Amino acid sequence: MKKLGYVFFVLLVVGFIISAMLYQAGAIFAGSKVPSGEKLPAATEIPDTAWRTLAVSTALINYSAVGTVRSREEIDIISRLPSARVIQVNFNNGDACPENSVLIKLEEKDLQAALGAAAANLTAAESHLKFAQEEYDRYAQLVEKQVVSRRTYEESVSNLNTAKAQVSMLKHALENARINLEYASIRAPFDGIVAERYCDPGDLATPQNPLLKIFNPARLQLRIPVRENLFREIKIGAQLQVPVESTGKVYQAQIREIIPAVDPGSRTFLINACLEGD
C-alpha cells in the first residue's frame with residue numbers, strides 16, 4: 001500500500017510539472033484554445049520599413065597635448081684632429097649655417113709645416129727613385145754583357161724597389177698632411193641651424209669634446225605625450241593638427257612612430273610625428 005501511495009505521489013508531481021509547462025505555452029487556457037475546424041492565425045509579417053541598415057563610421061578623437069619639436073637630423077660637430085687649438089668660431093646659437101660653410105677654424109701653423117715637410121720629403125724621394133731607375137737600367141744592360149757581376153745587378157734591383165716603396169709611402173704622407181690641414185677648417189655638413197655652441201677661441205678641440213650642435217630645420221619631428229587609455233586609438237599614419245603659437249599657423253602632421261613604453265609618473269606614452277611634406 002505504501003508503494004502504491006509513493007507511485008501515486010510521483011505521478012501527481014509529474015502531472016503538475018506537465019501542467020505548468022502547458023500553462024506557460026497557453027495550451028490549457030480557455031482563451032488560447034482554437035475552436036474546432038478553425039485554422040491557426042498566420043504569422044505576423046514584419047514590414048520592410050522596419051529594417052534599417054547600420055553603417056560604421058570613424059569618430060575623430062579630440063585630444064590636446066603640448067609636444068616638443070626636434071629635428072630628425074641633428075649632429076654634434078667635433079674635431080677630427082687629435083688635438084688643436086680653436087682660433088675662430090663663426091656662428092652662434094640660432095645662426096643659420098649654409099652647407100660647406102666654415103663653422104670653426106683651428107690652429108693650422110703646425111699642420112702647414114707638416115705639409116711642407118711632407119712635400120719636401122716626397123721631392124727628395126722622387127729624385128732618389130730617378131737615380132735608382134737610371135742605375136738599374138744601366139746595370140741591366142751591363143749584366144747581359146757580363147761587364148758587371150750578377151750581385152751588383154741584384155743590388156740595383158733592390159735599390160729600385162726600395163725607392164719605389166719610399167715614394168709610395170711619402171705620397172700617402174703628403175695626402176694625409178693635406179687632409180689634416182683641411183680638417184683645421186670645420187665645415188657644415190648640411191644647411192642647418194646652430195642649436196648649441198660649446199667652444200670659444202683658445203679652447204682645446206679634441207674628438208671627444210663637441211664644439212657645436214647643429215640641426216636640419218627642414219626635417220622637424222614632433223614628440224607628443226599621449227594618455228595611456230588612448231593607446232589602442234592611435235595608429236601609424238594618422239593625421240594631426242599642430243598649431244604653432246609663434247607663427248599663428250596650424251600645420252598638418254602625420255604619425256610616423258609610436259613608442260609603447262608608458263611613463264609611470266605621467267601615465268603617458270610618446271608618439272613621433274613629422275610635418276607633411278617631410
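The values are calculated or read from the model by the stated rules, or taken from the named source; none is laboratory data. Bear in mind the structure is a predicted one, so any value in this text is a computation, not a measurement. All Cβ positions, even for glycine, are placed from backbone atoms using ideal geometry, and neighbour counts span all protein chains on display.
Structural remarks
- Some residue of segment 195-209 being buried (at least 18 other Cβ atoms within 10 Å of the Cβ) and either closer than 30 Å to Asn121 by Cα or modelled with pLDDT of 95 or more (or both): yes
- Failed item, numbered, when Glu135 is tested on (1) closer than 30 Å to Pro207 by Cα; (2) of a type outside the set (A, V, I, L, M, F, W, C); (3) in contact with a Ser or Thr (Cβ under 6 Å, 6 or more places away or on another chain): (1)
- Among the residues making up segment 210-227, those that are farther than 20 Å from Pro243 by Cβ and either among the hydroxyl-bearing types (Ser, Thr, Tyr) or buried (at least 20 other Cβ atoms within 10 Å of the Cβ) (or both) are Leu211, Leu212, Ile214.
- Pick from segment 99-116, criterion in a helix (DSSP H, G or I) and in contact (Cβ under 8 Å) with a residue 40 or more places away in the chain, ranking: surrounded by the fewest Cβ atoms within 10 Å (Cβ to Cβ): Gln112
- Pairs with Cβ under 7 Å, 6+ apart, first in segment 267-278 and modelled with pLDDT of 90 or more and part of a loop (DSSP other than H, G, I, E, B), second of a type outside the set (Gly, Ala, Ser) and surrounded by fewer than 17 Cβ atoms within 10 Å (Cβ to Cβ): Arg267/Arg227; Arg267/Glu228
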